[in-house]
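Trainee: Attaching a single structure in structure tokens format; questions to follow.
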Amino acid sequence: QVQLVESGGGLVQPGGSLRLSCAASGIIFSIYGMNWYRRAPGKQRELVATITSGGNPNYAESVKGRFTVYRDNAKNTVYLQMNSLKPEDTAVYYCNVIGMPYWGQGTQVTVSS
């Protein structure tokens, strides 16, 4: 059974940083690309970052230069380092295995002074 568990969210002031983690189990993690999505209140789900099985990242324009996605295949974990956070980054963040209908429970990120 595929399981994804996100963690690392919280309340942070504008300009601050957080690192999100997504631990995967039940799959051969190293062969799959991974996505980070977010859903803000009243808005549609947004693809934030993608990392291929080979470690190549891609980012939404809204986070480019501020967020970094990377993976540790030995730990079956994908990370999202978020710097220079803005109030508009407030959302529930989810990870997803590319091509698979599995989602974690999400982790809340709130950026507020």
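The values are calculated or read from the model by the stated rules, or taken from the named source; none is laboratory data. On a predicted model such as this, the values are computed, not experimentally measured, just so you know. Positions of Cβ are backbone-derived with ideal geometry, glycine not excepted, and every protein chain shown enters the neighbour counts. Only protein heavy atoms, including side chains, enter the accessible area calculation; ligands, DNA and RNA are left aside. Shrake-Rupley method; radii C 1.70, N 1.55, O 1.52, S 1.80 Å.
Trainee: Given the criteria open to solvent by 70 Å² or more (accessible area, probe 1.4 Å) and not aromatic (Phe, Trp, Tyr), does Gln81 qualify?
Mentor: no
Trainee: Now, a different point. Please state which of the following conditions Arg38 fails to meet, knowing it meets all the rest: (1) under 14 Å from Val111 (Cα atoms); (2) among the basic types (Lys, Arg); (3) open to solvent by 40 Å² or more (accessible area, probe 1.4 Å).
Mentor: Result: Arg38 passes all but (3).
Trainee: Scan the stretch 1-35 residue by residue and report those that are open to solvent by 70 Å² or more (accessible area, probe 1.4 Å), modelled with pLDDT of 95 or more and not in a strand (DSSP E or B).
Mentor: The one that is open to solvent by 70 Å² or more (accessible area, probe 1.4 Å), modelled with pLDDT of 95 or more and not in a strand (DSSP E or B): Gln13.
This table checks each residue for (1) within 10 Å of the chain's Cα centre (by Cα); (2) not in a strand (DSSP E or B).
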| position | (1), (2) |
| --- | --- |
| Tyr37 | yes, no |
| Pro41 | no, yes |
| Val63 | no, yes |
| Val78 | yes, no |
| Val92 | yes, no |
| Gln108 | no, no |
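Trainee: All but one of (1) open to solvent by 40 Å² or more (accessible area, probe 1.4 Å); (2) part of a strand (DSSP E or B); (3) in contact (Cβ under 8 Å) with a residue 60 or more places away in the chain hold for Asn96; which doesn't?
Mentor: For Asn96, the exception is condition (1).
Trainee: Which of the numbered conditions does Ser53 fail, given that it passes all the others? Conditions: (1) among the small types (Gly, Ala, Ser); (2) surrounded by 13 or more Cβ atoms within 10 Å (Cβ to Cβ); (3) within 18 Å of Val92 (Cβ to Cβ).
Mentor: (3)
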